[in-house]
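Quick note: the coordinates plus some simple rules give every number you see, no bench work behind them. From a predicted model like this one, the values you see are computed outputs, not experimental measurements. With ideal geometry, Cβ positions are generated from the backbone for all residues, glycine too; neighbour counts draw on all protein chains shown.
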Amino acid sequence: MRKILVVIDMQKDFIDGSLGTAEAVAIVPNVVEKIKSYDVENIFATRDTHQPDYMSTQEGANLPVEHCIEGTPGWEINGDVAAALGNAKVINKPTFGSVELAQEIKKIADKEEIEIELVGLCTDICVASNALILKAFMPEVKISVDPTCCAGVTPDKHNAALETMASCQIAMA
């Protein structure tokens, strides 16, 4: 059984930048250790990627905080996480969930039996969105989230997202 790790949006703006939190800072060492426990060919990472016109988008109207603007320091993956990721495949995504990520992993699932584990930021937005997209693409694949390697916008939203994912048959690692 091949085990795939998906590292969601471990970027400066979500850790200690414009949308950073103490909880996000605190999970960085856990995420780095988790990454080190996987072979690089079994790791995918995502990078939230917005353009300079972010504030004029629907997301910008609902979350009016510029973040993860492509090419800015806040868009970059945290240095410790990036070093651990090495040559892992990184997918830029313009919104919460990535269909491209699901399609890439489904290609693997079509050829061999896999399990998927997700870690990263933010539990209640991008982690949950990607977990549910992956589940929709591959309903028979075991998908899990490691709560010690995720942080939400707030601790309450983190816990609510974990509960929602559990209701949708996303396991806790």
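Things to note:
- Here the dipole of the chain is about 360 debye; that uses its Cα centre as origin and unit charges on the Cβ of Lys and Arg (positive) and Asp and Glu (negative).
- Relative to its residue count, segment 85-173 spans a Cα convex hull of 97 Å³ per residue.
- ILE4 long-range amide H proximity, modeled H, under 5 Å: GLU115, ILE116, GLU117
- The chain: angle of helix 128-137 to the longest principal axis, Cα-based, in degrees nearest 10: 40
- Every helix of 4 or more DSSP H residues in the chain counts as -39500 (n - 2.57), and over all residues that averages to -10500 deg cm²/dmol at 222 nm.
- Loop sites here are GluC sites (Glu not before Pro) outside DSSP states H, G, I, E and B with no more than 13 other Cβ atoms within 10 Å. The longest part of the chain free of them is 1-111.
- Rg/Rg_globular for segment 2-172, with Rg_globular taken as 2.2 N^0.38 Å and Rg from C-alpha atoms: 0.96
- Alpha carbon centroid spacing (whole Å) that separates segment 1-64 from segment 125-173: 14
- A Förster radius of 25 Å, combined with the Cβ-Cβ distance separating LYS106 from ALA173, puts the computed FRET efficiency at roughly 0.75.
- Contact order, relative form, for segment 2-172: 28 percent (alpha carbon pairs under 8 Å, 6 or more residues apart, mean separation divided by residue count).
- Using alpha carbons only: equivalent-ellipsoid semi-axes of segment 121-173, gyration tensor based, whole Å: 18, 10, 9
- Pairwise FRET efficiency - SER56 versus GLU113, Cβ, R0 = 41 Å, nearest 0.05: 0.40
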